[in-house]
Amino acid sequence: MELTINGKKEIINKEKLTVSELLKLKDVQMPEMVSVELNGEIIDRKDYDKIELQNSDTIEFLYFMGGGNNGI
């Protein structure tokens, strides 16, 4: 299947693939800290095991970083 992952087209040699499986396949570190956008919509983490990706889907891995303004 062909997917667009973080803006890059990729061929994944699997017929069926869930969001959770994709996170493992892409070796995403700390997946519990990553939000996933599928075709423009943020999906709920509890659904990662249920949602099967389809050919031509667009996936973005969103990493939220903590930080501050250092007193500025």
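The values are calculated or read from the model by the stated rules, or taken from the named source; none is laboratory data. In this text the structure is predicted, and so the values were computed from the model without any measurement. Here the Cβ positions follow ideal geometry from the backbone for every residue, glycine too, while neighbour counts run over all protein chains shown. The accessibility values were calculated without ligands, DNA or RNA, using every heavy atom of the protein model including side chains. Shrake-Rupley method; radii C 1.70, N 1.55, O 1.52, S 1.80 Å.
Worth pointing out:
- If the condition is being open to solvent by 80 Å² or more (accessible area, probe 1.4 Å) and within 11 Å of residue 61 (Cα to Cα), then region 34-46 contributes only 42.
- Test result for residue 11, loosely packed, with under 11 Cβ neighbours inside 10 Å, β-branched (Val, Ile, Thr) and over 11 Å from the mean Cα position of the chain (by Cα): yes
- Taken over region 36-47, the criterion of being modelled with pLDDT of 95 or more and in contact with a strand residue (DSSP E or B) (Cβ under 8 Å, 6 or more places away or on another chain) is satisfied by 36, 37, 38, 39, 40, 42, 43.
- The residue that is modelled with the highest pLDDT, among those in region 56-72 that are loosely packed, with under 14 Cβ neighbours inside 10 Å and assigned to a strand (DSSP E or B), is 62.
- Residues satisfying the stated conditions in region 14-26, i.e. within 11 Å of the chain's Cα centre (by Cα) and among the charged types (D, E, K, R): 21, 24, 26
- Residue check: residue 31 meets all listed conditions (1) under 12 Å from the mean Cα position of the chain (by Cα); (2) at pLDDT 95 or above; (3) open to solvent by less than 100 Å² (accessible area, probe 1.4 Å) but one, namely (2).
- So residue 18, is it at pLDDT 95 or above and either open to solvent by 100 Å² or more (accessible area, probe 1.4 Å) or out of contact with any Ser or Thr (no Cβ under 6 Å at 6 or more places or on another chain) (or both): yes
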